[in-house]
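Colleague: So that we are looking at the same thing, I have put the structure below in structure tokens.
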Amino acid sequence: MKVAIVYYSQHHGNTKKLLDAIKELYDVKLINVVECKKEDLSNYDVIGFASGTYYSKFSEKVMDFARNNLPNKKQVFLINTYGIKGNYTKEIEQIITEKSCRLIGTYGCRGFDTFGPFKLIGGIAKGHPNESDVKGAIEFFRRIVEK
């Protein structure tokens, strides 16, 4: 099974920490949207999108990449990190639906966050993603590839 994960992880590397752990155990192609704006994803069986949370949603760069590069009728999963728990996947899920793709799973966990007022107090969710968060991401991905 060919798997690609398109991601944005700039500020603290929270999301990349999860993806690096997955890549150690599984053969996946990681595509950083900062370095790559266009990619042919048609040969992948499963496509993941991963991002930190920015203004209560996935990174605009990831969503633009999905709008421009996600082929129709693919299996898709999402991974996100956030300072405060919430539903941050609605907009990317809409793109997935518009492309007639099937969302097969979502994994989210806390990540160190120093955005806005959080910077004044030294950030929130310090130490996240932690070992348990990383194990959760690996287990989530294992279930995705074993389906």
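The values are calculated or read from the model by the stated rules, or taken from the named source; none is laboratory data. Worth saying up front: this structure is predicted, and the values here are computed from it rather than measured. In this analysis, Cβ positions are derived from the backbone assuming ideal geometry, glycine residues included, and neighbour counts consider all displayed protein chains. Note: accessible area is taken over every heavy atom of the protein model, side chains too, but ligands, DNA and RNA are not part of it. Shrake-Rupley method; radii C 1.70, N 1.55, O 1.52, S 1.80 Å.
Colleague: Mind giving me the nanometre distance, one decimal, between the label points for residue 98 and residue 84, set 7 Å out from Cα along Cα→Cβ?
Modeller: So the label points at residue 98 and residue 84 sit 2.8 nm apart.
Colleague: Here's something else I'd like to know. What accessible area per residue comes out for the chain, rounded to a whole number of Å², with a 1.4 Å probe?
Modeller: Dividing the accessible area of the chain by its residue count gives 53 Å².
Colleague: Then there's this: Residue 29's amide H: which non-local residues (gap 5+, or another chain) put their own amide H closer than 5 Å, with H modeled 1.01 Å from N in plane and none for Pro or chain starts?
Modeller: 3, 4, 5
Colleague: Across the Cα atoms of the chain, what radius of gyration and what greatest pairwise Cα-Cα distance (Dmax) are found, in Å?
Modeller: 14.5, 46
Colleague: Also, quick follow-up: Given H placed 1.01 Å from N in the peptide plane, which residues other than close sequence neighbours of residue 77 have an amide H under 5 Å from its amide H?
Modeller: 47, 48, 49, 104
Colleague: Once every DSSP H run of n ≥ 4 in the chain is given -39500 (n - 2.57) and the sum is divided by its residues, what mean residue ellipticity at 222 nm do you get, rounded to the nearest 500 deg cm²/dmol?
Modeller: Calculated mean residue ellipticity at 222 nm is -10000 deg cm²/dmol.
Colleague: With a 1.4 Å probe and all protein chains left in place, how much of the accessible area of the chain comes from carbon and sulfur atoms, in whole percent?
Modeller: On the chain, the fraction of accessible area on carbon and sulfur atoms equals 48 percent.
Colleague: Next question. Less than 10 Å Cβ to Cβ from residue 107, Lys/Arg counted +1 and Asp/Glu -1: what total charge do the surrounding residues give?
Modeller: Summing Lys/Arg as +1 and Asp/Glu as -1 gives -1.
Colleague: What's the tally of Lys pairs in segment 40-147 whose alpha-carbon atoms lie under 22 angstrom apart, where the two lysines are 8 or more places apart or on different chains?
Modeller: 24
Colleague: Could you tell me the relative contact order of segment 32-131? Use alpha-carbon pairs under 8 Å, at least six residues apart, and round to a whole percent.
Modeller: Relative contact order for segment 32-131 comes out at 25 percent.
Colleague: Per-residue HN-Hα couplings for segment 32-41, Karplus 6.51 cos²θ - 1.76 cosθ + 1.60 at θ = phi - 60°, whole Hz, x for Gly and Pro?
Modeller: 7, 5, 6, 9, 9, 9, 9, 8, 7, 9
Colleague: Which translational diffusion coefficient, to the nearest whole µm²/s, is obtained for segment 45-98 from the Stokes-Einstein equation, given a Kirkwood hydrodynamic radius over C-alpha pairs, 25 °C and 0.890 mPa s?
Modeller: Answer from the Stokes-Einstein relation: 216 µm²/s.
Colleague: Sticking with this structure for a sec: Using the Kirkwood radius built from alpha carbon pairs, what does the Stokes-Einstein equation give as D for segment 7-91 at 10 °C and 1.306 mPa s, in µm² per second?
Modeller: 119 µm²/s
Colleague: Could you pull out the chymotrypsin sites (Phe, Trp or Tyr not before Pro) across segment 6-97 that fall in loop regions by DSSP (anything but H, G, I, E, B) with no more than 13 other Cβ atoms inside 10 Å?
Modeller: The qualifying sites are 55.
Colleague: Dipole of the chain, Cα-centred, from +1 at each Lys and Arg C-beta and -1 at each Asp and Glu C-beta, to the nearest 20 debye?
Modeller: Roughly 180 debye for the chain.
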